[in-house]
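Here's the structure we're looking at; comments come further down.
The values are calculated or read from the model by the stated rules, or taken from the named source; none is laboratory data. Note that the structure is predicted; figures quoted are calculated from it, not measured. When we count neighbours, we look across all protein chains shown, and the Cβ atoms used for this are built from the backbone with ideal geometry, even at glycine.
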Amino acid sequence: MTVVVAAGIALRVTMLVAYPPALWFQGDSGKYIKLSQQWPAMPARWPFPWLLKAFEWTGTFYSVSVLQHLAGIALGVAIYLLLRRIGVGAWPATLAAAPILLDATQLTLEHYLLTETLFTSALALAAMLLVRRERPGLLASIGAGIAVALGMATRPTGVVALGALLLFLLLPWRGWRSVSAYLLGIVAVFGFAFAGTGSVAGALGTGDGAFLYGRTAHVADCDRMELRPGLRRLCAPQPLDQRPDRPDWFLWNKDSPIHQADRPEDLDEFAHEVLKQQPGRYLAAVARDTGRYFWSPQLGPMEVCLANWWRPQLAPTNWATNSDCVPRTADPDYQWQPAPSRIAEPNAASRFLHAYGRYAVTPPLALTAMVLLALIGAVWPRRGRLRLTIIALLYVGIGVGIMVFSVATSMFDLRYGLPALAFLPAAAAVGWLRLRSAPITHDKATAAAGEPEWLAPTVAESNGEDDDGSGVRGHGLVAVSERGGDAGDLRS
């Protein structure tokens, strides 16, 4: 693991040298900087603008990019330590942490002035706080609620993790203590946001329906729909087989029918009509595009253009040559516009990263294998291993759920699926642990007094608290041994 962490640090230092001070995404980055300058006003999706405001005093975006790279390293190390704590071996835990530490897309998005790093870190932290101990304490549960709410306030996709973690606390049922603390943390964040924004939609970070309109307009067959005239103007002008590659064409292109909407509410109404009258077409498109995360997708010209933003490029300073498809760098000062385009020779660091980015990405088929390994491990017959099953399913649910929700409400984009790297590899490692673990029998480990027998401790698990039955405060194999089992027989 030391070598992998060292490589991750070296790659991030190289990013800072290659693309100073940070990378800039057309539209979004400038919007976040503008919103940060309105502080203390609280906009929708306020956490990232407030983060940017917190570092404005530095006068350089280096401070933000360095922070995000440090968060990436910390996340990779935390994944490794969590997996080791619950009994995963050193090599599987290292492999599970490697995508976050070494994946070229992950490195690139950490260097952008975008929400992905904050969003991923918040959701991952929430999951770790609840998973690291069998019985999460009050502070851990409140912290998890705050973290997942911040993630959802950053990007509404976080609702997937919010629901999955609540289900994790409810199954198996251990009383209201942790559940109430978790919900309290969520309510505290959204209550604070509601007081600042003055609306439920602003507090939750939900938009005006434009993205769902783009998603549904891309697949709608308006010739077979009953629509009032005001909504029919919002139908795609192209035949079904000639529509643009990306649904966001309907949001940003000057020829999009979105400009004919009489009012913002029409976009929501159009989307709901498509969902009601043609649910099959919509669900088929969501399933098809979600599947593209799990096998090598064929990208259309517009999709290739977008994908270029998420790989290290040779010379993003010269973005005027192709302003739609070439990334750009942030201004050296803390301004809301990117650095002016200029012709510059690629430096050695950018040449290396450009070559690295061509190969050092997590293959879609590897994601497929991770999901399958986690699911097979979760359902494999193993008496007394229910906790590992629940953890594997939790991490798979969050990782895949992020992908599905993003596609369902927006579109397929490598950027939107990237947060799954914090969950799917860990899920696969837990599935692997459960496959290799010996089943627990009554003569090897027993549940504490008053607990269901399927809550008997697993190898290397700990609740971190005094044992309810014996009073032993134990960890891992020691805890198992002192509760009536032979630790040596349980070693995976």
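Determine whether region 232-245 contains at least one residue that is under 26 Å from the mean Cα position of the chain (by Cα) and under 30 Å from residue 150 (Cα atoms). There is no residue in region 232-245 that is under 26 Å from the mean Cα position of the chain (by Cα) and under 30 Å from residue 150 (Cα atoms).
Of the residues examined, residue 230 is one that is in a helix (DSSP H, G or I) and outside the structural domain of residue 140 (by the TED database).
Just one of the listed residues (349, 355) is out of contact with any helix residue (DSSP H, G or I) (no Cβ under 8 Å at 6 or more places or on another chain), farther than 19 Å from residue 424 by Cα and aliphatic (A, V, I, L, M), namely 355. Restricting 326, 304 to residues that are without any contact (Cβ under 8 Å) to a residue 24 or more places away in the chain and surrounded by 18 or more Cβ atoms within 10 Å (Cβ to Cβ) narrows the list to 326. Might you let me know whether region 324-331 holds any residue that is at pLDDT below 85 and either more than 20 Å from residue 361 (Cβ to Cβ) or over 26 Å from the mean Cα position of the chain (by Cα) (or both)? Checked region 324-331: at least one residue is at pLDDT below 85 and either more than 20 Å from residue 361 (Cβ to Cβ) or over 26 Å from the mean Cα position of the chain (by Cα) (or both). Scanning region 103-141 for residues that are touching a Gly at 6+ places or on another chain (Cβ under 6 Å) and at pLDDT 95 or above yields 104, 110, 119, 122, 123, 129.
With respect to being assigned to a helix (DSSP H, G or I) and under 15 Å from residue 369 (Cα atoms), residue 408 falls outside the description.
For residue 359, are the conditions met, namely being farther than 30 Å from residue 285 by Cβ and hydroxyl-bearing (Ser, Thr, Tyr)? Taking the combined requirement at face value, the residue satisfies it. For region 125-161, taking the residues that are hydrophobic (A, V, I, L, M, F, W, C) and in contact with a Pro (Cβ under 8 Å, 6 or more places away or on another chain), the one that is surrounded by the most Cβ atoms within 10 Å (Cβ to Cβ) is identified as 144. In region 256-291, which residue that is basic (Lys, Arg) and part of a helix (DSSP H, G or I) is surrounded by the most Cβ atoms within 10 Å (Cβ to Cβ)? Out of the qualifying residues, it is 281.
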